[in-house]
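What follows is one structure encoded as structure tokens, with my remarks underneath.
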Amino acid sequence: MSEINTLAAFYAFSGGALWLLGSLVFVGFDKANIQANRWLGAFYCIMACSFTQLFLEGFGIGGSFLIHLLELPRWAMLPCLYMAVTHYTSPFLPKKDWLIHFVPFLLFLVFSLVYLMPILFNAQNHLPALPPWIGFIVRYFFFGQMVYYWVVCFSLLRRHQKNVKMVASFTEKIDLEWLKYLLISVLILILIRILSLSNIHVTHYSPILYFLGIILLAYSTLTQKSIYAVETYQPEEKDETAPKKVLNERLTLEQVEELKLTIMQKTVGEKLYLDPSLTLSVLSAKIGISTHELSYVLNNGVGKSFYQFINELRTEEAKTLLLSEDTRHLDMLGVAIRAGFNSKTTFYTTFKKATNLTPKEYIKANSAAS
């Protein structure tokens, strides 16, 4: 077996791994995020078709008809990823006009059936010649599509991660951090594809590079969390960032100051921030104002997001607990939970950001001072 064929065998490994991964995700190894996982599973299965095609071409087997069939769904690959990301980031929003993203794929499908399939069957019927720009689009459209949809997907993720801090005081299970690593893995695969067009060394070793990228892809996918199993209380997340102009007309400066005082008295006085599951909607219900008004007052009156506001109060509580004789028996997780944090990670990150010290360093610094 030649060296080229040996390297081409990695396309088979990649294709097999993607078929397995796509099937697992599509049938729902994770019972949450079902619609999103089905779109992601479709994305992986279409990608598996591409690597299967590369494997068959590398070994010169399969025939042109089979290879062309495997190539047909390629233009639907990135729209499937886009649909998966939209369902992960906004599971409660209606997905209108989703079919428009698959129009290029449908056009390519028609083009293939009319212009390419007859050739495969040696039954060409004197079809009119196409202008050169059609061939250019068919050849290079997929590259532009890959870059465009990756940028859009990453933008959706960043916007989601910013918005969750407007409605929740805990983000580990809803920030979709795993999806960021998945998109980075996809970006690596895109860069390998682009570089392989101009660099002969990348082209030569691309089967191995693709396989390594797919391992990262599989790892990030299989470590996803069932995010919305615990977040069903916020179906109107999109409204939490309503235009400030509308809210500004509703609340005067005096009203903002009055509500700010009420929020501080209620949240601090009753220590509502000690509830680890506290959210924007829960706090607004306890105060007796709408989530839009609470979000607006926090952002414009207090100058903080909901996430910052609640976790800074928890940090102040943690400072007291760390230096208290009554809580010396608690470990750091115990202090974090007593202060209202639902995880040690959030506790350490928030505390270090607020004090520039870890909790243990804070204890040492204050013990030395006393």
Within segment 29-59, residues among the small types (G, A, S) and without any contact (Cβ under 8 Å) to a residue 24 or more places away in the chain come out as G41
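The rows are residues; the columns are (1) of a type in the set (G, A, S); (2) surrounded by fewer than 16 Cβ atoms within 10 Å (Cβ to Cβ); (3) under 13 Å from A318 (Cβ atoms).
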| site | (1), (2), (3) |
| --- | --- |
| H329 | no, yes, no |
| G334 | yes, yes, yes |
| I337 | no, no, yes |
| G340 | yes, no, yes |
| T346 | no, no, yes |
| F351 | no, no, yes |
| L357 | no, yes, yes |
| A365 | yes, yes, no |
For segment 337-354, which residues satisfy the criterion of being touching an Asp or Glu at 6+ places or on another chain (Cβ under 8 Å) and either part of a loop (DSSP other than H, G, I, E, B) or small (G, A, S) (or both)?
A339, G340, N342, S343, A354
Here are some residues: E254, E270, E236. Which one is modelled with pLDDT of 90 or more, open to solvent by 90 Å² or more (accessible area, probe 1.4 Å) and acidic (D, E)?
E270
Kindly list, by first and then second residue, each pair from a residue in segment 60-78 that is over 10 Å from I46 (Cβ atoms) to a residue that is open to solvent by 70 Å² or more (accessible area, probe 1.4 Å) and part of a helix (DSSP H, G or I), limited to pairs with Cβ atoms under 8 Å and residues at least 6 apart or on different chains.
I67/E57
Among the residues of segment 301-312, the number that are over 28 Å from the mean Cα position of the chain (by Cα) and either within 10 Å of V167 (Cβ to Cβ) or open to solvent by 30 Å² or more (accessible area, probe 1.4 Å) (or both) is 1
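The values are calculated or read from the model by the stated rules, or taken from the named source; none is laboratory data. In this text, all values refer to a predicted model and were calculated from it rather than measured experimentally. Neighbour counts run over all protein chains shown; Cβ positions are idealised from the backbone, glycine included. These accessible areas exclude ligands, DNA and RNA; they are computed on the full protein's heavy atoms, side chains included. Shrake-Rupley method; radii C 1.70, N 1.55, O 1.52, S 1.80 Å.
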